[in-house]
1. Can you give me the long-range amide H partners of Arg328? Hydrogens built in the peptide plane at 1.01 Å from N, cutoff under 5 Å, separation of 5 or more residues or another chain.
2. Charges at C-beta only: +1 for Lys and Arg, -1 for Asp and Glu. How large is the resulting dipole of segment 208-337 about its Cα centre, in Debye rounded to 20?
3. Distance in nm between label sites at Ser276 and Arg331, each 7 Å beyond Cα in the beta-carbon direction?
4. Output the antiparallel fraction of DSSP beta bridges having both residues in the chain, as a percent to the nearest 5.
5. Along the charge dipole of the chain, Cβ charges K/R +1 and D/E -1, which of Pro192, Tyr563, Val700 sits furthest on the positive end?
6. Apply the Karplus parameterisation 6.51 cos²θ - 1.76 cosθ + 1.60, with θ equal to phi minus 60°, to every residue of segment 585-601 and state each ³J(HN,Hα) to the nearest whole Hz, in sequence, with x for glycine and proline.
7. Filter Lys297/Lys629; Lys520/Lys619; Lys315/Lys441; Lys315/Lys619; Lys35/Lys619; Lys315/Lys520 down to the pairs with a C-alpha to C-alpha distance above 29 Å, please.
8. Work out the FRET efficiency for Ile59 and Glu22 from their Cβ-Cβ distance, taking R0 = 56 Å, and round it to the nearest 0.05.
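The values are calculated or read from the model by the stated rules, or taken from the named source; none is laboratory data. These numbers were taken from a predicted model, which means no experiment stands behind them. Glycine gets a Cβ as well: all are built from the backbone with ideal geometry, and neighbour counts include every protein chain shown. Note: accessible area is taken over every heavy atom of the protein model, side chains too, but ligands, DNA and RNA are not part of it. Shrake-Rupley method; radii C 1.70, N 1.55, O 1.52, S 1.80 Å.
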Amino acid sequence: MTTQEQQTRTRRRQWGSERRSEPLSIMHPRPSVRKVMWGRIAILATVVFWAIYVVTTIIRQFIESSGGFRFTMEAVGYLIVVTFLTFSALMYLLARQGALYRFRAHVRVPRAELDRHFRDYDSAVTVLVPSYAEEPAVVRGTLWSAALQEFTNVRVVLLVDDSPNQKDPAARARLDATLALPAQIEESLEGPRSRFAGAREAFAAERAAGVVVERRHIENLAGDYEAAAIWLEDMAENEPMEDHVDEFFIDQVLMGLASELRLSLLALRASLDQASYPDADRVLELQLRLERTFTAKLTSFQRKSYASLSHEANKAMNLNSYISLMGRDWREEHTAGGVILRPVEDAADADLIVPDTPYLLTLDADSLLLRDYCLRLVYFLEEPGNERIAVTQTPYSSFRGAPTRIERIAGATTDLQHILHQGMSHYGATFWVGANAVIRKQAIEDIAEVESVGGFEIVTYVQDRTVIEDTESSIDLGTHGWTLMNYPERLSYSATPPDFGSLIVQRRRWANGGLLILPKLWNQVSERRFRRERVLARELWLRVNYMASIAWASFGLLFLLAYPYDSRLLSPVVFLAALPYFLAMGSDLRDCGHRFGDIFRIYGFNLVLLPVNLAGVIKSLQQAITGEKIPFVRTPKVKDRTAAPALYVIVPYLIIAFSVLTFARDLQAHNWGNALFAAFNATLAAYATWMYIGVRNSIVDVWLALLNWLYVDKKKAPVAAPLLVDPSKPVDWSSILYHGDRRLNRDLRRKGDRRRRVGVR
């Protein structure tokens with residue numbers, strides 16, 4: 001990498017960003033009895049204070065005063081808004097409480113039990129890494145974290161969704177570099193893999209011959225463990241470190257694995273010193289661990305190279321296209337419409353062989369896994385009683401040491417979501433979070449839908465009807481009798497957008513689709529009740545809140561900001577009902593290594609994201625009315641700043657101005673409650689706009705939007721449609737025979753008189 005490229009990749013650290021780069025521990029701290037008790041009290045207090053508000057304010061006002069129709073409508077509207085916001089706060093506390101129960105009960109499976117379970121294991125896992133326009137350095141780290149999984153038979157497939165025919169030289173070079181990564185990684189692993197495989201085979205032969213474990217066996221094994229640790233340490237030393245993600249890859253993926261191998265090395269040397277050796281089975285397991293850690297088959301796949309596969313521009317269909325090929329052999333057939341894949345029975349006739357595996361691991365191209373992610377999650381799926389679990393995952397955490405303020409605060413919300421998703425599993429309300437997951441292939445085959453498009457069979461496993469495909473697939477799996485479960489450890493990490501422009505793309509996508517999926521939830525409940533399954537109310541509450549809370553919270557906050565409610569509807573009890581939520585959030589932030597005061601920063605952060613969330617919700621309503629899919633927009637993965645649309649930059653300033661105006665108006669009217677709320681909103685919105693968007697960046701983004709609006713592309717002269725048959729060129733007989741008369745008839749209708757001129761009858 002050149003110096004200029006390194007400077008491009010390195011982002012300047014902002015004041016107020018995060019200095020700590022060390023991630024949280026893999027195991028969640030065991031919550032104390034006091035913490036669990038206060039969690040229960042918080043839930044009870046929220047319900048009690050809400051009920052007190054309804055009785056002492058709303059009902060009391062109806063009884064004591066006759067405010068007329070307007071006051072009645074205001075009271076009903078205000079009660080609805082407060083009730084929905086309180087409900088969301090209550091669901092936060094409920095999910096958080098479930099997480100505390102899970103963290104308290106979780107016991108980590110010992111390493112020896114994992115090794116014993118997988119000693120004679122011969123099944124495989126296919127790691128699918130969907131990628132589109134990603135930087136090769138980002139993809140490389142993801143592939144390495146997947147390749148170094150301590151699991152047998154790991155197949156890593158990079159699903160490159162870029163167009164195979166890149167005309168831009170820079171894009172072509174990036175694509176070529178990305179496609180070269182699997183072979184480079186596999187070649188790098190070949191040295192240690194062959195050494196450790198040879199040692200394992202030699203010992204297995206002696207073990208089969210009845211040779212007992214001797215000192216030389218342990219010395220050889222210790223030498224192998226030391227060599228593996230040194231190999232990883234040398235790689236870590238030579239890795240470039242331009243940002244906090246690179247630091248995580250070096251310290252946690254490479255050096256974390258090396259540290260665990262050195263811990264085993266310490267135990268082996270101790271056994272030599274004490275002249276007490278592990279038995280033959282344990283020695284074999286330790287050798288298998290080394291061999292499997294450095295064994296992986298990596299390849300790449302481009303679905304857009306084949307005309308017979310879906311070219312829908314979204315991650316779901318990228319995954320579906322490859323999954324639909326698994327377990328069969330395919331022959332490439334070159335046609336006038338492009339290369340298509342035909343199934344063949346004999347592998348000798350195949351151009352593409354796609355092995356089948358019982359498990360899939362989906363992994364976003366900007367995510368990293370810790371060393372035993374696959375091992376522990378597959379073990380969990382194979383434990384007795386878990387046969388109907390379709391998807392398990394560790395909801396991703398944020399990379400620490402964020403160089404920008406907005407990445408730090410967005411990462412804090414990600415860490416809170418990790419806790420909430422863990423708690424939702426306690427109540428059977430798990431949702432698949434798409435950044436990473438281990439999936440039982442049999443489960444997604446149950447929810448597969450098949451349609452014919454252009455004469456080709458297109459299989460959809462993961463729905464692409466909305467841009468939150470993982471959420472919809474979670475509901476589909478539940479309808480077919482499958483469950484999902486989050487593994488209560490931190491084993492996966494994913495990148496957070498580092499600037500306001502890229503964050504807009506991500507959060508607008510997250511806000512889009514939940515309302516469209518709600519009807520499927522009611523269908524799932526009906527199916528489960530038909531099967532006489534018990535459906536608890538708290539599961540439904542959590543699921544509805546997860547899918548629809550962005551909608552009602554956004555509109556509720558908009559009403560609170562914009563409408564001048566009667567001061568008689570305000571009460572300190574509303575604040576008391578919200579207080580447990582904010583105190584619990586502050587406690588969770590502190591437990592995650594953030595600051596208690598970040599509750600105010602997150603509130604301001606949500607204020608500036610209000611137009612973004614509203615836009616996502618409105619897009620959902622648009623899709624519900626029109627039936628047209630909303631285009632899947634990928635989050636930009638760039639080191640430089642992404643320009644934000646002018647609307648999302650201007651609206652935060654309008655919120656500030658309107659809040660200031662409301663404060664002045666209510667202050668004159670002696671409406672102290674509304675005035676205080678308006679001042680609070682104006683202060684935090686101004687702080688968030690300054691810290692997370694920036695005044696200078698706001699001016700630049702609005703100016704760019706204005707220039708784009710004023711700029712008019714030079715119109716090109718219309719090009720005459722080509723003749724149906726050009727006498728100067730040979731007839732493209734293959735296209736005519738392949739497409740038939742569809743194009744011919746269309747062209748004949750357009751060029752009726754021209755056909756006679758070229759002699760077509």
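1. Distant-sequence amide H within range of Arg328: Val354.
2. Details: 13 positive and 23 negative charges, 154 e Å.
Roughly 740 debye, rounded to the nearest 20.
3. 6.4 nm
4. The antiparallel fraction comes to roughly 55 percent.
5. Tyr563
6. Per-residue couplings from phi come out as 5, x, 5, 5, 4, 5, 5, 8, x, 9, 10, 4, x, 5, 4, 6, 5 Hz.
7. Numbers: Lys297/Lys629 36 Å; Lys520/Lys619 18 Å; Lys315/Lys441 18 Å; Lys315/Lys619 19 Å; Lys35/Lys619 40 Å; Lys315/Lys520 21 Å.
The pairs that break the limit, which is 29 Å between Cα atoms, are Lys297/Lys629; Lys35/Lys619.
8. Working: r = 53 Å, r/R0 = 0.94.
Taking R0 as 56 Å, the efficiency between Ile59 and Glu22 is 0.60.
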